[in-house]
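Read through the structure below, which is laid out as structure tokens, and then see the notes.
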Amino acid sequence: MTALLQHPGYDEERLKGVAEKLPCREVQAGMLLSLMGQPHQYSYPSIFIYGHRASGKSHVMHVLMKELELPHATVSCVECVSIALLFEQVLLSFFGCDAASLLPRSPSLSDFVRVYRQQCSQSPAKQTRYIVMEKAELLRDTDASLLSALLRLQELVGDNVTVILLSEIAWDKFRPNTGCFEPLLLHFPDYSKSELQQILSQNVHPSYSAGFYSAYINILLGVFYSVCRDLRELRHLAALNFSKFCEPLAEGKVKETDTHKLWKHIEPHLKKAMQTVYLREVSRKEYDDVDLLHLFCLLKGLSAHTHVELPYYSKFLLIAAYLASYNPARTDKRFFLKHHGKIRKTNFLKKNEKTSNHLLGPKPFPLDRLLAIFYSVVDSRVAPTASIFSQISSLVTLQLLAQVSHDDQLDAPKYKCAVSLDFICAISRTVNFDIVKYLYDFL
């Protein structure tokens, strides 16, 4: 293992420590060290590392930089929402806070190069400096000149600096149309089944033997490998279902060597868990206890929920809009008045209402009904201020609500809710509101 990481300029003991922390990635680490060269030599200006999610790209870079004590700046393109934050992070890591403070309020690329060259003249690099850009595919959404400049930053600043881009997409889809300096390419392939077995088996539970845990991982991969090869997700699934796997053992019904009986016990639970792959918000207890309708709302709505974050009152406005769209107006008394009496659904069910409102689609509702339901469901007293009305406009802009009345109808505008049941269930969960209890179709 260490032979793959032998490289002049680095201590063998450190390379051995690196190899121990990078199981099944020694080949890629050795190739990367070859591209980087010896610490005091000038390295190639830019390296592009690509591979699928959870293929070890960031982990390999982190271990190499930390264990070999290489000067580096790790920049997340997700966190750096502006180029000013990117420039500040690089200068802060290499030269300290004094250098970062020299940047103007809205720095340009030329400002960054100027400050970098000034600081480099005062403290020249004794060995190669590395700028590691995580989630580098987001750079395509910035100014086209930024990516081209980063790929040849070594030439611009006159320093021994190498930019390493980590991305989930290939360079052919990454390359800008205007052309740029071509970096060295390094591909990180997906882990094979045997490699996943080796890595996951290292997380042995202290109460059980390594062979027992390895047999559990083998069973887990036999079920999930065909649908999920994400190391992080498989590690999460292994931790989530291990207690269920050990239940017969804890009860004294089987021994550790009775793999077949353990498999028969865990098989239905693993097959059931296949429906929740990648859905981290559903715990084992929630998964076992929740009823079918709630489970549908929880699982299907999570992907939409993770992409939309709304203000607190906007969530209640959207909930109120959904209730107004899918509940008949005359049922508002039954849902939102305390002393409404007992009203059975069959007593006021018309022929045309035998079809589910969710199958017929959302119906328009006036603004005053929306606000009436909103004030009933929100858990605090809210004054009808301009902020509430502006949030309604924002929901329309986000296409979560649709205005169906004409723009010149100012006295009683009408709206329709444009979100699905799974989406609204996910939103309701964030404010601890059980929307299913207030839906006419689920009485």
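The values are calculated or read from the model by the stated rules, or taken from the named source; none is laboratory data. Note that the structure is predicted; figures quoted are calculated from it, not measured. Please note: Cβ atoms are built from the backbone with ideal geometry, for glycine as well, and neighbour counts cover all protein chains shown. The protein model used for the area step is the full one, side chains on, heavy atoms only, and it has no ligands, DNA or RNA in it. Shrake-Rupley method; radii C 1.70, N 1.55, O 1.52, S 1.80 Å.
List of remarks:
- Between Lys261 and Arg235, the simple spin-label model (points 7 angstrom out along Cα→Cβ) gives 3.3 nm.
- Share of carbon and sulfur in the accessible area of the chain stands at 53%, probe radius 1.4 Å.
- Here's the picture: a label point sits 7 Å out from the Cα of Val78 along the beta-carbon direction, and within the range 98-135 the residues with their amide nitrogen under 17 Å of it are 132-135.
- Descending principal axes extents, the range 1-112, alpha-carbon based, whole Å: 49, 32, 21
- Built amide H within the under 5 Å cut-off of Tyr130, gap 5+: His72, Ala73, Thr162
- Paramagnetic reach from Glu182 in the range 26-52 [backbone N under 19 Å; point 7 Å along Cα→Cβ]: 35-36, 44-50
- Mean residue ellipticity (222 nm) of the chain, computed from DSSP H runs ≥ 4 via -39,500 (n - 2.57), nearest 500: -14500 deg cm²/dmol
- Against the chain, whose longest principal axis is taken from its Cα atoms, helix 57-67 shows a tilt of about 50°.
- Mean separation of Cα contacts under 8 Å (6+ apart) over length of the chain, as relative contact order %: 13
- Here the gap between Cys24 and Gln127, fully extended at 0.36 nm per residue and compared with their Cα-Cα distance, gives a gain of 34.2 nm.
- An ellipsoid equivalent to the range 374-443, defined through the eigenvalues of its Cα gyration tensor, has semi-axes of 23, 17, 12 Å when rounded to whole angstrom and sorted largest first.
- Listed cross-link partners Lys315/Lys437; Lys66/Lys126; Lys416/Lys437; Lys193/Lys253; Lys16/Lys66 are compared with a 19 Å cut-off, the Cα-Cα value being larger for Lys416/Lys437; Lys193/Lys253.
- Gain in span if fully extended, Glu155 to Arg117, counting 0.36 nm per residue against the direct Cα distance: 12.6 nm
- The range 360-408-the range 37-68 distance, computed between alpha-carbon centres (Å): 51
- Gyration tensor over alpha-carbon atoms, the range 12-187, equivalent ellipsoid semi-axes in Å: 25, 20, 14
- Projected-area mean, the chain, by convex hull of Cα positions, square nanometres: 30.8
- Förster radius 25 Å - calculated FRET efficiency between Ser148 and Ile169 (Cβ-Cβ, nearest 0.05): 0.90
- Per residue, the chain exposes 53 Å² of solvent-accessible protein surface, assessed with a 1.4 angstrom probe and all protein chains in place.
- Positive minus negative residues near Tyr213 (Lys, Arg vs Asp, Glu; Cβ under 13 Å): 0
- Gap separating the Cα centres of the range 165-239 and the range 413-440, nearest whole Å: 37
- Across the range 12-187, Cα pairs under 8 Å and at least six residues apart give a relative contact order of 33 percent.
- Near-label residues of the range 410-443 by backbone N, under 18 Å of a point 7 Å along Cα→Cβ of Gln275: 421-423, 425-426
- Computed from the Cβ-Cβ distance with R0 of 35 Å, the FRET efficiency linking Thr385 to Asp141 stands at 0.45.
- Residues Ser376 and Thr397, FRET efficiency given R0 of 30 Å [Cβ-Cβ distance, rounded to 0.05]: 0.75
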